[in-house]
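Chemist: The structure's right below; bear with me while I get my questions together.
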Amino acid sequence: MSSTTSIKAYDAMLQLAFARMQPEDLPEVRRIEEEVYPFPWTAGNFADSLANGYRTRVARDATGTIVGYFLILLAVDEAHLLNITVRRNLQARGIGRMMLGEAAKIAREEGMRSMLLEVRPSNLRALAI
């Protein structure tokens, strides 16, 4: 299953396509993770999430490049947004907000009543969203 969404990224329209994260996406996802976070998820964290059936998405631009991703754990009636990340050079363009909207859409479709995301106090961009 894949969906496409457009957002206004400054004065250029950015098309993003969402698709389930696949094992072959993990090397690029890990590169982004290591670029963005001082304490990144391990390859095992991502592999375990895929193996356990968590709801995952990668966001690709028109060239097919992964620009971000997220992972959701469903628990009773609450979705736990475990990780949501945008490539460092593409942050502050509305992509994170759009990805959060896609995550919320998935949670609603799965019958979740709320969504939880734990954010470090130092992550000012995430706190702003």
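Chemist: Name every residue in the range 109-129 that is in contact with a strand residue (DSSP E or B) (Cβ under 9 Å, 6 or more places away or on another chain) and at pLDDT 85 or above, in order of residue number.
Modeler: The answer is 110, 111, 112, 113, 114, 115.
Chemist: Additional query: Go through the range 60-96 and give me each residue that's in contact with an Asp or Glu (Cβ under 6 Å, 6 or more places away or on another chain) and aliphatic (A, V, I, L, M).
Modeler: 66, 67, 74
Chemist: Related question: When you scan the range 51-73, how many residues do you find that are outside any loop (DSSP other than H, G, I, E, B) and open to solvent by 50 Å² or more (accessible area, probe 1.4 Å)?
Modeler: Residues of the range 51-73 that are outside any loop (DSSP other than H, G, I, E, B), as a first pass: 51, 55-60, 66-73.
Narrowing the set further to residues that are open to solvent by 50 Å² or more (accessible area, probe 1.4 Å) leaves 51, 55, 60, 73.
Number of matching residues: 4.
Chemist: A further question on this structure: If you take the residues in the range 15-48 that are open to solvent by 40 Å² or more (accessible area, probe 1.4 Å), outside any loop (DSSP other than H, G, I, E, B) and not charged (D, E, K, R), which one is modelled with the lowest pLDDT?
Modeler: In the first step, residues of the range 15-48 are kept if they are open to solvent by 40 Å² or more (accessible area, probe 1.4 Å); the result is 15, 20, 22-24, 27-28, 30-31, 34-35, 37-43, 45, 47-48.
Those still in the list that are outside any loop (DSSP other than H, G, I, E, B) too: 15, 23-24, 27-28, 30-31, 34-35, 43, 45, 47-48.
Subset that is not charged (D, E, K, R): 15, 23, 27, 43, 45, 47.
Details: 15: 81, 23: 96, 27: 97, 43: 93, 45: 95, 47: 96.
Only one residue tops the list, namely 15.
Chemist: Moving on. So, in the range 112-129, exactly how many residues are more than 16 Å from the chain's Cα centre (by Cα) and within 18 Å of residue 57 (Cβ to Cβ)?
Modeler: Number of matching residues: 1.
Chemist: Something else now. Give the range 74-103 a look and list any residue that's in a strand (DSSP E or B) and in contact (Cβ under 8 Å) with a residue 12 or more places away in the chain, or say none.
Modeler: 74, 78, 79, 80, 81, 82, 83, 84, 85, 86
Chemist: Moving on to the next point. Can you work out which of the residues in the range 83-98 that are open to solvent by less than 40 Å² (accessible area, probe 1.4 Å) and over 19 Å from residue 35 (Cβ atoms) is farthest from the chain's Cα centre (by Cα)?
Modeler: Out of the qualifying residues, it is 94.
Chemist: Which of (1) closer than 15 Å to residue 107 by Cβ; (2) open to solvent by less than 20 Å² (accessible area, probe 1.4 Å) does residue 80 not meet, given it meets every other one?
Modeler: (2)
Chemist: List the number of the failed condition for residue 120; all other conditions in (1) assigned to a loop (DSSP other than H, G, I, E, B); (2) open to solvent by less than 70 Å² (accessible area, probe 1.4 Å) hold.
Modeler: Every condition holds for residue 120 apart from (2).
Chemist: Let me ask something additional. Quick one: residue 99 ticks every box in (1) at pLDDT 95 or above; (2) in contact with a Ser or Thr (Cβ under 9 Å, 6 or more places away or on another chain) except a single one, so which number is it?
Modeler: (1)
The values are calculated or read from the model by the stated rules, or taken from the named source; none is laboratory data. Predicted model only: the values in this text are computed from it and were never measured. Note that each Cβ is placed from the backbone with ideal geometry, even for glycine, and that neighbours are counted across all protein chains shown. We work out accessible area using only protein heavy atoms, side chains counted, and drop any ligands, DNA or RNA first. Shrake-Rupley method; radii C 1.70, N 1.55, O 1.52, S 1.80 Å.
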